[in-house]
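The values are calculated or read from the model by the stated rules, or taken from the named source; none is laboratory data. Bear in mind the structure is a predicted one, so any value in this text is a computation, not a measurement. Reconstructed Cβ throughout: ideal geometry from the backbone, glycine too, with neighbour counts over all protein chains shown.
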Amino acid sequence: MPRTYANISDILPRRARINDLSVPYRSGSLYILVFATVLTAILCAFAVIAREPFVVPSIGPTIFIIVAFPLSDQAHPRNILYATAVTIMAGVIGLAVFGLIDVQPDLANLSWDRAGALVIAVAIGVAGIMLLRALHVPAVATAMIIAAGLLKSPVDWLSVFAGVLFVTIIGVAVNRACGKPQALWWRPQPSDE
């Protein structure tokens, strides 16, 4: 007989080592639902008022990670911000290498140049994340969003970073205020040696 689950927390890992890729701590389901929804609503309101693209698809998983798994490496503010900065630059480099900075996106009819820009952006973004030891997987989507040409100007690219910075600061502050364990900046990973 298939196992039934009362809520999302029942299918999430219960215990793990700190700084492991698995999750050492998770918030409760109601906290995750309410806080993720409120944080997204605040960011969306901020974007509407400022008329800037603070909201991109990669911010949704970032919000979920901060709220649901505050002790995971991916929720460390250092990792979120470094990975986002690196992948924004990677997306721009991908566009520049193929001369696509001012070209309209057409993902329905993907060109070889656009495909090349996407591949370069992901490669540089992943390499930068590994080099900086700044694990935050949703940031790779940011590289693809920019290389796809969905955000056109430097102001847009900075707005993405501002949106990520905003949710990181608010997320960490609220987690800590609610007594959730959360790194203020970074907990270095133990060496594997």
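State whether the residues of the range 141-148 include one that is over 16 Å from the mean Cα position of the chain (by Cα) and either surrounded by fewer than 18 Cβ atoms within 10 Å (Cβ to Cβ) or charged (D, E, K, R) (or both).
No - not one qualifying residue is present in the range 141-148.
Take PHE35 and decide whether it is aromatic (Phe, Trp, Tyr) and either at pLDDT 90 or above or surrounded by fewer than 18 Cβ atoms within 10 Å (Cβ to Cβ) (or both).
Yes; evaluated as a whole, the condition is true for this residue.
Could you please find all residues in the range 34-79 being within 19 Å of ASP156 (Cβ to Cβ), of a type in the set (Val, Ile, Thr) and either touching a residue at least 40 places away in the same chain (Cβ under 8 Å) or touching a Cys at 6+ places or on another chain (Cβ under 7 Å) (or both)?
Answer for the range 34-79, where residues must be within 19 Å of ASP156 (Cβ to Cβ), of a type in the set (Val, Ile, Thr) and either touching a residue at least 40 places away in the same chain (Cβ under 8 Å) or touching a Cys at 6+ places or on another chain (Cβ under 7 Å) (or both): VAL55, VAL56, ILE59, THR62.
Can you tell me which residue among ALA134, ALA143 is of a type outside the set (Asp, Glu) and within 14 Å of SER58 (Cβ to Cβ)?
Selected residue: ALA143, the only one of ALA134, ALA143 that is of a type outside the set (Asp, Glu) and within 14 Å of SER58 (Cβ to Cβ).
Counting only residues that are surrounded by fewer than 18 Cβ atoms within 10 Å (Cβ to Cβ) and of a type in the set (Asp, Glu), which one in the range 66-123 is modelled with the highest pLDDT?
Among residues in the range 66-123 that are surrounded by fewer than 18 Cβ atoms within 10 Å (Cβ to Cβ) and of a type in the set (Asp, Glu), the one modelled with the highest pLDDT is ASP113.
Does PHE161 fit the bill of being aromatic (Phe, Trp, Tyr) and either within 16 Å of the chain's Cα centre (by Cα) or within 18 Å of VAL56 (Cβ to Cβ) (or both)?
yes
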